[in-house]
1. Answer with yes or no whether residue 343 is open to solvent by less than 10 Å² (accessible area, probe 1.4 Å), part of a loop (DSSP other than H, G, I, E, B) and in contact with a helix residue (DSSP H, G or I) (Cβ under 6 Å, 6 or more places away or on another chain).
2. Does residue 155 qualify as being within 22 Å of residue 29 (Cβ to Cβ), crowded, with 18+ Cβ neighbours inside 10 Å, out of contact with any Lys or Arg (no Cβ under 8 Å at 6 or more places or on another chain) and among the β-branched types (Val, Ile, Thr)?
3. Of the numbered conditions (1) open to solvent by 50 Å² or more (accessible area, probe 1.4 Å); (2) without any contact (Cβ under 8 Å) to a residue 60 or more places away in the chain; (3) polar (S, T, N, Q), residue 164 satisfies every one except a single condition; which is it?
4. What pairs come out if I take residues in region 271-285 that are closer than 14 Å to residue 243 by Cα and aromatic (Phe, Trp, Tyr) and pair them with residues that are open to solvent by 20 Å² or more (accessible area, probe 1.4 Å) and part of a strand (DSSP E or B) whose C-beta lies under 7 Å away, six or more apart or interchain?
5. Which condition from (1) within 24 Å of the chain's Cα centre (by Cα); (2) in a strand (DSSP E or B); (3) surrounded by fewer than 19 Cβ atoms within 10 Å (Cβ to Cβ) is the one that residue 297 breaks?
6. Can you report the number of residues in region 191-230 which are open to solvent by less than 10 Å² (accessible area, probe 1.4 Å), part of a strand (DSSP E or B) and of a type outside the set (Val, Ile, Thr)?
7. Which residues, counting only those in region 42-59, are touching a helix residue (DSSP H, G or I) at 6+ places or on another chain (Cβ under 8 Å) and without any contact (Cβ under 8 Å) to a residue 40 or more places away in the chain?
8. Residues that are out of contact with any strand residue (DSSP E or B) (no Cβ under 8 Å at 6 or more places or on another chain) and surrounded by fewer than 12 Cβ atoms within 10 Å (Cβ to Cβ), at least 2 per element: which helices (runs of 4 or more DSSP H) completely within region 41-130 meet that?
Amino acid sequence: MIEIKNLQKIFDNGFEALKSVTFDVADGDLICLLGPSGCGKTTILNLIAGLLDPTSGSILRNGESMVEKHPKDRDIGFVFQNYALYPHMTALENVMFPLSVGEKKMPKEEAEPIARKFMKLTQIEELENKKPATMSGGQQQRVAITRALVQNPSVLLLDEPLSNLDARLRLQIREEIRTLVKEVGITTVFVTHDQEEALSISDKIVLMDQGVIQQHDDPQKLYLEPANLFVAQFIGNPVINIFDVEIKDGKVIGDAFSFGLDVLVKDRIKSSLVDGHYKLGVRPEDVNVVDSDALFTADVSTVELIGRERIINFRVNHSAGKAIVKVEQEILEGQQIKANFNYAKMFIFETDGERVY
């Protein structure tokens, strides 16, 4: 297990990249550090690897501190965003390189069979004699991952390894990474700013913003039960609808709708809904286009066709929102629709972002 405890990092210029970050990574888990640029996720990776020193806090591996250990003694494999392959070496030579240097240096005749075994595991045997300049981005990425695995490390760190690949290849490689690390049984920390990547391959996600963990949870929990407004807005595509509302006299009152607090699911209420101003969050799939029992009427501004669904962009008074309907439900631009909300799945947040429902 990796234990990150009260980790803080302040750089020489005074910038506080991490603010008392604490989380665990169970053995064999694939955990994603997710968040916008500058949130501190790569800083955590570099601290685990020993490329940076923490200002305060601890990093433990199976109860033993890693902070005082030299990077080469931390038993870690690191895959960088830019692959960092040696351009003058073939794929086989790149994969063999970690076995030919340092304290674990071994003769070529011993290192080569090990390298070939891992190249077979990652299905890159045919690249054996190719140099990086003649490989595609996906091929270079596979070589970089194989080179990290050949050391048989206890921990694998991946820093946005798919960001330089096209969309179709990203999908393929991320599936391969998930399958591979589970097959090998290696504890993996994966940094990405892409929520789809994180949701699809992680056992757990640590979502960060401005050096602070916003939520550490199962992937689906971040979508279904966001801890706060930031999480709700960061996770989900299309992005969640946010409406300014006021709670007054037992009602939730918006720009063009109102409903009683009695329709809320009592088990989902997290704190007292006293009178005041709030943010109402409704996922596009929880905006129901209906023929009757409408909560409000809206004007359709644009319609996006995405395979089996339509994304309806609508305006109601001074507010804008999105709804998702099946492609068979023909709704056209300029049309007027009637809609209501799925009360059991919407969220209410304080104006500072704290979730209250």
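The values are calculated or read from the model by the stated rules, or taken from the named source; none is laboratory data. Bear in mind the structure is a predicted one, so any value in this text is a computation, not a measurement. All Cβ positions, glycine included, derive from the backbone under ideal geometry; neighbour counts span all protein chains shown. For accessibility, only protein heavy atoms count, side chains too; no ligands or nucleic acids. Shrake-Rupley method; radii C 1.70, N 1.55, O 1.52, S 1.80 Å.
1. Details: open to solvent by less than 10 Å² (accessible area, probe 1.4 Å): no; part of a loop (DSSP other than H, G, I, E, B): yes; in contact with a helix residue (DSSP H, G or I) (Cβ under 6 Å, 6 or more places away or on another chain): yes.
Taking the combined requirement at face value, the residue does not satisfy it.
2. Judged against the criteria, residue 155 is not a match.
3. Just one mismatch for residue 164, condition (2).
4. Matching pairs, first to second residue: 278/350.
5. (1)
6. Number satisfying all stated conditions: 2.
7. 50, 51, 53, listed by residue number.
8. Correct list: 108-121.
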